[in-house]
Amino acid sequence: MMLKTVRRILAVFMLILVTFLFVDVSGYGARWFSWAASLQFIPAVLALNVFVVAAVVLATLVFGRIYCSIICPLGIFQDLISHLRNSISRRLGKRHFYRFHRSLPWIRWSFFALFVATLVAGIMAVPVVLEPYSAYGRMVTNLLAPLYIHGNNLLASAAACTDSYIFSGMAYWFHGTTALVVALVTFVVVGLFALDGRTYCNTFCPVGTLLGFISRWSWLKVRVDESRCNHCGSCARFCKAHCIDSPNSSIDASRCVACGNCLEHCRQGALRYSGPLPKRQGRTPVENTMKPQTDDIATTRRAFLLTTATVAAGAAMAQAEKKVDGGLAVIEDKVVPTRRKRLLPPGAESAQHLHQHCTACQLCIAQCPNGVLRPSTELNHFMQPEMGYEHGYCRPECNRCSEVCPTDAIRLLDLAEKSSTKIGTARVIRENCLMNEGKHCGNCARHCPAGAISIVPLDGGEQPKYGPVVDAERCIGCGACENLCPVRPVSAIVVDGIEQQRTI
């Protein structure tokens, strides 16, 4: 019971931390808890974080697959779904029991080989779908975060009616239909598998396959004392990994996630989480001195998380505010312009570097306070971040995306380096410009933080026509000009990405 209690506490703690990273918009989580993302196995491999990779492998060799039960958020999410299903079944008087399934290594290793081959080949569409931490991040970013933010805004609106400002409103930008569909499909598929325990982990997950292979040689395992076992099958009925073959008194260590369920329900005391058991000569009958099994006492730790999500879902019906110009007309939203080259966040260095290191967890998108990052829908960099300035611009004083990236796909930049990193070049679309029609504007030049835009005469007539001109050497591509341009739906000045980011 102590083993199971400690595992549950650590798992809930880690799940809360990782989830908070994706829903928090204040920056507090990024400053204090970004290490929770750095502990994830595949991001650590891509970041060449030897310490984390070695620690996970060593922990697996000692304790078994505790990473899957304590660190991996997708694994803990599956435990949450199974716990919910079992709780509902008990209340309905129809208890759900698991049963032993024979291992299908050819399926597990086929998906692992596909994951490694596509990762090495740079075809990231497959790895980003199979990588467990990133799959969970996309679900939280696109499904839970909108409920959390709209629920907060509903509370803020209700509090404001009583002249209380204990809650403050938060902005939310829709990340696109494709990202929503991918997150929803992931949620449904993983959730359906989770209704019957850890089937997804032990079939499709590449991390589970690799750590399962290593755990075959782990020192501590759940072991069967055959002198005590009477083959009652109670352990197998509560094994969510389907790895206990009770009639043969054997446990598949490659699938066991050391959850402790079997230890709790073995009435004979025949199961132990320990090192190798001493060999016994023959079988000694043992009286059943254990106390009769009582009904499981309902715990509230994971129910608390479920209740929180349910309350957030109910608050999602808050009305969206309209942006209006002086209360007279609705302001038309800007649309995505056609760029000559894709825009990448500062620190990504190049499209190739981002493509090879990013697992598309979308933590940078969730943490961006200015709404300039969104998931790409193109297959060759599917769900990886790209930039757009329809909702805001990349402020020189912000480097949060590089602070939270667990794979170093976005290299950490300090604020001085960030403000001098060139990620693109602004381009004027002369026919869209208000000044081309003789109107006074100059908004782009006034708000350019790099001083790269000047308003100059475009011809030499008696009444010359003025317009903006971009100094390409000074422009850093922050997008302030594009975002603050009053022309809609396509701005009169657009930022194009560059092949290789550099410091100017």
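Would the range 12-25 turn up any residue that is in a loop (DSSP other than H, G, I, E, B), open to solvent by less than 70 Å² (accessible area, probe 1.4 Å), within 25 Å of C401 (Cα to Cα) and of a type outside the set (S, T, Y)? Yes; the residues of the range 12-25 include at least one that is in a loop (DSSP other than H, G, I, E, B), open to solvent by less than 70 Å² (accessible area, probe 1.4 Å), within 25 Å of C401 (Cα to Cα) and of a type outside the set (S, T, Y). Determine if the range 349-366 includes at least one residue that is among the small types (G, A, S) and over 24 Å from M139 (Cβ atoms). Within the range 349-366, one or more residues are among the small types (G, A, S) and over 24 Å from M139 (Cβ atoms). If only residues of the range 360-383 that are open to solvent by 10 Å² or more (accessible area, probe 1.4 Å) and among the polar types (S, T, N, Q) are counted, the one that is farthest from N432 (Cα to Cα) is N380. Taking only the range 174-196 into account, find how many residues are open to solvent by 70 Å² or more (accessible area, probe 1.4 Å) and in contact (Cβ under 8 Å) with a residue 40 or more places away in the chain. Qualifying residue count, the range 174-196: 2. Look through A117, A125, A171, A135 and report the one residue that is without any contact (Cβ under 8 Å) to a residue 60 or more places away in the chain and either open to solvent by 40 Å² or more (accessible area, probe 1.4 Å) or within 30 Å of L17 (Cβ to Cβ) (or both). On inspection, the qualifying residue turns out to be A117.
Do we find that N152 is among the polar types (S, T, N, Q), farther than 30 Å from F63 by Cα and under 20 Å from the mean Cα position of the chain (by Cα) in this structure? When the stated conditions are applied, N152 does not pass them. Among residues of the range 39-62 that are in contact (Cβ under 8 Å) with a residue 40 or more places away in the chain, those with a beta-carbon under 6 Å from a residue that is open to solvent by 40 Å² or more (accessible area, probe 1.4 Å) and part of a loop (DSSP other than H, G, I, E, B) at least six positions away or on a different chain give the pairs A47/D408; V62/W219.
Among the residues of the range 140-163, the ones that are open to solvent by 40 Å² or more (accessible area, probe 1.4 Å) and either touching a residue at least 60 places away in the same chain (Cβ under 8 Å) or of a type in the set (S, T, N, Q) (or both) come to 8 in all.
Listed conditions (1) among the small types (G, A, S); (2) in a loop (DSSP other than H, G, I, E, B); (3) open to solvent by 40 Å² or more (accessible area, probe 1.4 Å) are all met by S454, apart from (2). For beta carbons closer than 7 Å, sequence separation of 6+ or different chains, a first residue in the range 2-25 that is among the charged types (D, E, K, R) and a second that is part of a helix (DSSP H, G or I), the qualifying pairs are K4/E264; R7/S69; R7/I70; R8/R301.
Kindly indicate whether L48 is part of a loop (DSSP other than H, G, I, E, B) and open to solvent by 20 Å² or more (accessible area, probe 1.4 Å). Judged against the criteria, L48 is a match.
Listed here are the residues, each with its yes/no results for (1) within 21 Å of I244 (Cα to Cα); (2) of a type in the set (F, W, Y); (3) open to solvent by 20 Å² or more (accessible area, probe 1.4 Å).
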site: L3; (1), (2), (3): yes, no, yes
site: A44; (1), (2), (3): no, no, no
site: A59; (1), (2), (3): no, no, yes
site: P73; (1), (2), (3): no, no, no
site: F77; (1), (2), (3): no, yes, yes
site: R91; (1), (2), (3): no, no, yes
site: R108; (1), (2), (3): yes, no, no
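If only residues of the range 26-41 that are assigned to a helix (DSSP H, G or I) and under 27 Å from N261 (Cβ atoms) are counted, the one that is farthest from the chain's Cα centre (by Cα) is F41. S34: at pLDDT below 90 and crowded, with 16+ Cβ neighbours inside 10 Å, yes or no? Judged against the criteria, S34 is a match. The number of residues in the range 482-504 being closer than 18 Å to C433 by Cβ and either out of contact with any Phe, Trp or Tyr (no Cβ under 8 Å at 6 or more places or on another chain) or part of a loop (DSSP other than H, G, I, E, B) (or both) comes to 11.
The values are calculated or read from the model by the stated rules, or taken from the named source; none is laboratory data. Everything numeric in this text was worked out from a predicted model, so none of it was measured. FYI the Cβ positions are ideal-geometry reconstructions off the backbone, even for glycines, and counts take in every protein chain you see. Please note that ligands, DNA and RNA were not included when accessible areas were found on the heavy atoms of the full protein model with its side chains. Shrake-Rupley method; radii C 1.70, N 1.55, O 1.52, S 1.80 Å.
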